[in-house]
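This report refers to the structure that appears directly beneath it.
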Amino acid sequence: MAWFKREKKSIDAATPPEERRVRTEGLWAKCESCGTIVFRKDLEANLYVCPKCQFHFRMNAKQRLEMLFDSRWTEHDVGMTSTDPLKFVDTKPYATRLKEARKKLGMNDAVITAEGRLNGRGVVCCAMEFNFIGGSMGAVVGEKVTRGIELAIESRQPLVVVSCSGGARMMEGTISLMQLAKVSAALARLDDAKVPYISLLTDPTTGGVTASFAMLGDINIAEPGALIGFAGPRVIEQTIRQKLPEGFQSSEFLLEHGFLDAVVHRKDLKAFLSNSFDLLLG
C-alpha cells in the first residue's frame, strides 16, 4: 500500500534553509510615510522618492554624488582612517565598530570628498554617510571636510556639503569636538576667498554637525521632511518641561521660522544648486 506512505521527503525537509527564501526578497521597498510598496528599481529611477506621497528615502553618500555630478567624479583623501586614541569601549570596542563599518560599506569613514562637474560647472562636494557609525563627525570627517574646503579655495570651485549625521563622534571625545572649530575656521577662509558654499541638510542632521558647518552656508537648504536640530526632541522637552509644537525640527518648520533659505525637492536639487551658483558667482 505504497500510496498510503510518503516515499519522498517533504519540500521543507529536502530543501536547505538558504534556498527556501522568497526570490523577490530585496526587490521591493516599503514607504515609511504612506506604506506603499514600491519596486526598488522604480524607486531608484525616481531618485529614491516615493511616487505616491513624495517621501524622501535616505540615500547613501555615493548615491548622492552620482545624483549631483554629471558623470564621473574624483574622490580625494581616500586612504584616511580613524584611530582609537581613547581606547573607547561601550557595548563594544570603538576599534571593532570601525572595522565592521569599513568592511560593510567599503569606505574608510563617514564622508566622501569628491570633485566633479554639476551641470558643466566644476564643484567640490563632501557627502556624509549615515550608515558609518551614524554619520558621526570624528577627526577624519573633520579633516576631510576641511581639506575639501581648502581644495575649493585653491581651485576656485564652489563647495557643496551634504550633511547626514548624528553629530560629533563621542568615541573620540574632545578630538571630535575640536573639528567643529576647525571646519568653521576653514569656512571663514572660504568666505574671505569669495568662493560660494551651499549647505544641503538631509535626514537626519543633528548635533555638532548642525552646530558647525551645516548651518554656515551662503545658502542653507534642506530636503522635504528632513529631521534637523541640535538636541533631540525628547531631551528638549525634558529640559524645558513643555510639549514641542507639531513638526518641530522638520525642514518645513525650520524654513517657516527662518533657519533655512529653501526646502528643495530632490528632483529639483541639481537645477537649484546650478542656478544658485550662477547667482552667487554673478
Could you give me the residue pairs with C-beta distances under 7 Å whose first residue belongs to the stretch 139-167 and is free of Cβ contacts under 8 Å to residues at least 40 places away in the same chain, whose second residue is assigned to a helix (DSSP H, G or I) and surrounded by fewer than 24 Cβ atoms within 10 Å (Cβ to Cβ) wherever it lies, and which are 6+ apart or on separate chains? E150/A186; L159/L190
Residue check: is V160 in contact with a Pro (Cβ under 6 Å, 6 or more places away or on another chain) and over 29 Å from T96 (Cα atoms)? no
In this structure, does L269 turn out to be of a type in the set (A, V, I, L, M) and farther than 30 Å from G120 by Cα? no
Given the criteria under 23 Å from S274 (Cα atoms) and either out of contact with any His (no Cβ under 6 Å at 6 or more places or on another chain) or of a type in the set (S, T, N, Q) (or both), does K194 qualify? yes
Residues to consider are D203, D191; find the one that is over 25 Å from I236 (Cβ atoms) and touching a Phe, Trp or Tyr at 6+ places or on another chain (Cβ under 9 Å). D191
Helices (runs of 4 or more DSSP H) fully within the stretch 180-269 counting 1 or more residues that are over 23 Å from G134 (Cα atoms): 233-240, 251-256
Is at least one residue of the stretch 64-76 within 30 Å of E44 (Cα to Cα), at pLDDT 95 or above, more than 17 Å from the chain's Cα centre (by Cα) and in a helix (DSSP H, G or I)? no
L180 is checked against (1) in contact with a helix residue (DSSP H, G or I) (Cβ under 9 Å, 6 or more places away or on another chain); (2) under 30 Å from F55 (Cβ atoms) and fails just one. What number does that condition carry? (2)
Would you check which residues across the stretch 75-117 are closer than 18 Å to V161 by Cα and in contact with a strand residue (DSSP E or B) (Cβ under 8 Å, 6 or more places away or on another chain) and list them? E75, H76, D77, A110, V111, I112, T113, A114, E115, G116, R117
Under the condition of being surrounded by fewer than 19 Cβ atoms within 10 Å (Cβ to Cβ) and touching a helix residue (DSSP H, G or I) at 6+ places or on another chain (Cβ under 9 Å), which residue from the stretch 108-152 is farthest from P196 (Cα to Cα)? N131
Exactly one condition in (1) more than 19 Å from the chain's Cα centre (by Cα); (2) under 24 Å from G120 (Cα atoms); (3) outside any helix (DSSP H, G or I) is false for S274; which is it? (3)
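The values are calculated or read from the model by the stated rules, or taken from the named source; none is laboratory data. All of these numbers come straight from a predicted model, not from anything done at the bench. Every residue, glycine among them, receives a Cβ derived from its backbone with ideal geometry; neighbour counts consider all protein chains shown.
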